[in-house]
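Shown next, in structure tokens, is the structure this report addresses.
All of the numbers you see were taken from the coordinates with simple rules; none came from a lab. Not measured: the values here are computed from a predicted model. Note: ideal-geometry Cβ built from the backbone for every residue, glycine included; neighbour counts use all protein chains shown.
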Amino acid sequence: MAKGKSGKSGKAEAELRRVRDRAARAYARGAYDRALENFEILARENPGDLRLQMKCGEILLKLKKKDDALKRYEDVALAYSRDGLLIQAISVYKLILQEEPNRPGVQDRLHELNQSRSAPASKVDVLLKARAGPTEARDTEVSAGEGKAPEVAPSREPEKPRREFPRTPLFSELGSEEFEVVVAKFQVGQIPKGTMVIKEGTKGDSIFVIASGEVRVFRILPSGRKVTLARLGEGEFFGEMAFFLESVRTASIETVSETTLLRISRKDLSELMEEYPNVKEVIDNFFKQRALDTIFKTMPFFESLEEWEQDDVVKEFQMEVIEPGTLIVKEGDPGMYLYFIFKGAVDLVVRHEQKGEVRVTTLGEGEYFGEVALLQSQTHPTEAVASGKTVLFKLPAMKFTELIQIHSPMIEELSVKVDERTKLTAKALTSS
């Protein structure tokens with residue numbers, strides 16, 4: 001008999017689809033006993049799918065069987081830890097603490113996660129095995145319907161070595177103490193499929209981390225049509241741009257599937273950054289990296305850079321947040337940087353003996369200035385003034401020179417830009 005990719009026969013796969021449909025229908029109408037019975041079947045047939053184990057735990061909570069639910073969550077969190085999935089493990093432990101703030105052992109396990117972020121795999125395995133003993137010895141049977149569901153197969157083999165925790169933005173760079181206080185401030189929520197998490201145009205006051213599931217980033221055109229900009233999955237962040245810039249959201253985000261999100265508010269993060277200087281440094285570096293990733297992907301100027309070169313250039317950039325009306329460079333100043341506008345706008349202004357201050361042009365997001373002084377080894381021919389709150393990235397002259405010497409597309413684009421700016425300045429000065 002023919003088998004599918006999973007190794008199951010077509011008949012067995014069809015039966016599992018029916019079980020999945022029964023489980024979803026029962027859950028939707030609130031028949032949680034029946035839903036649990038079917039989700040347990042799916043979990044036994046797919047022991048590596050921890051999301052099914054989490055669903056069983058969620059239903060147990062709805063059935064008021066909190067201790068059984070939290071035991072299931074603990075087993076899942078341990079499995080995530082062994083698999084090197086830091087954010088997922090944290091999110092499950094946070095769910096446990098939301099249900100039972102003083103749950104014995106949970107804070108210890110979060111502490112062990114903290115230690116294991118930088119510990120050798122062999123040392124972490126010792127920690128996890130010590131913790132796994134009593135956890136895996138538990139009776140994992142749970143009530144379902146009139147009787148008990150059969151024991152669920154272990155989701156991970158005990159002897160399987162733990163993978164190293166991947167480096168994760170925010171979490172990986174924090175010190176031990178900072179990690180624990182930041183994790184304590186995160187809230188966790190299980191969000192149904194199709195839920196609008198962020199709405200375009202609203203104020204940004206939180207950062208979100210996807211612990212499991214997927215979200216869609218989109219904008220709505222004047223015609224009403226939704227245009228998808230990106231899809232984000234487990235371990236990815238969103239909401240940081242509006243958060244850091246204290247601006248409105250530039251796109252909407254909704255869940256594509258049932259999704260678990262970690263959230264930290266502006267108030268909580270601001271308090272942490274004030275109390276722990278290292279947290280502020282880590283957050284600033286995180287924002288800088290995400291912003292530069294966007295610049296590299298969207299600006300033609302950087303198209304010729306290889307990925308390893310981008311990593312090298314990132315270290316050279318300096319970030320500045322400029323208030324409206326701030327003079328960035330004066331006419332006659334020596335050229336020291338090439339300036340890239342990430343957010344906001346900058347007016348280029350020249351002073352004329354008779355006309356006074358003359359605006360040459362206004363540059364927006366994704367544009368740059370300072371190239372005339374750098375290329376022609378002279379001073380700035382115009383002033384640059386922030387016309388609104390602006391985020392700039394400055395590339396020092398030495399690195400700029402190094403790049404254009406080995407990347408001819410850059411020098412070609414810059415030559416065109418210098419010619420355009422020169423003509424714009426001349427036109428502004430001669431027009432009435």
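Observations
- In this structure the amide hydrogen of His380, modeled in the peptide plane, comes within under 5 Å of the amide hydrogens of Gly332, Asp333, Gly335, none closer than 5 places in sequence on its chain.
- Along its first, second and third principal axes, ordered by size, the chain spans 93, 51, 44 Å in Cα coordinates.
- Taking a Cβ cut-off of under 15 Å around Asn102, the surrounding Lys, Arg, Asp and Glu residues balance to a net charge of -1, with basic ones at +1 and acidic ones at -1.
- Exposure proxy for His407, His380, His352, His111: other Cβ atoms within 10 Å of each Cβ, ordered fewest to most, give His352, His111, His407, His380.
- Added length on full extension, which subtracts the Cα-Cα distance from 0.36 nm per residue, Asp205 to Gln376: 57.2 nm
- FRET efficiency for the Glu306 to Val416 pair, using the beta carbon distance and R₀ = 30 Å, is estimated at 0.85.
- With Cα atoms, 0 to 90° folded angle of helix 176-185 axis to the chain main axis: 80 degrees
- Label-point separation in nm, Asp108 to Asp293, each point 7 Å along Cα→Cβ: 3.7 nm
- Exposure proxy shown here: for Leu221, Leu403, the number of other Cβ atoms within 10 Å sets the order, fewest to most, as Leu221, Leu403.
- For Ser415, net neighbour charge (Lys/Arg +1, Asp/Glu -1) across residues whose Cβ lies under 15 Å away: -2
- Distance between modelled label sites at Lys330 and Lys423, nm, 7 Å Cα→Cβ extension: 3.2 nm
- Applying a threshold of 32 Å to the alpha-carbon distances of Lys203/Lys280; Lys203/Lys226; Lys94/Lys203; Lys203/Lys399; Lys71/Lys199; Lys55/Lys297 flags Lys203/Lys399; Lys71/Lys199; Lys55/Lys297 as lying beyond it.
- Residue order, fewest to most surrounding Cβ atoms within 10 angstrom, among Val313, Val181, Val385: Val181, Val313, Val385
- Antiparallel bridges, percent of DSSP beta bridges restricted to segment 307-430 (to nearest 5): 100 percent
- Gyration tensor over the Cα atoms of segment 307-430: the corresponding equivalent ellipsoid has semi-axes (square roots of 5 times the eigenvalues, largest first) of 24, 18, 12 Å.
- GNM remark for the chain: springs join alpha carbons under 10 Å apart, and the peak mean-square fluctuation among Gly204, Gly388, Gly84 falls on Gly388.
- Span per principal axis, largest first, for the Cα atoms of segment 323-392 (Å): 31, 27, 16
- Pairwise FRET efficiency - Arg266 versus Val314, Cβ, R0 = 25 Å, nearest 0.05: 0.45
- Cα-based values for segment 186-279, radius of gyration first and Dmax second, are 13.8, 47 Å.
- Ala14-Arg44 FRET efficiency (beta carbon distance; Förster radius 22 Å; 0.05 resolution): 0.80
- Extension reserve of the Thr250-Lys62 stretch, reckoned as 0.36 nm per residue once the Cα distance is removed: 64.0 nm
- Close amide H pairs (under 5 Å, H built 1.01 Å from N) link Leu229 with Val217, Phe218, Arg219, residues at least 5 positions away or on another chain.
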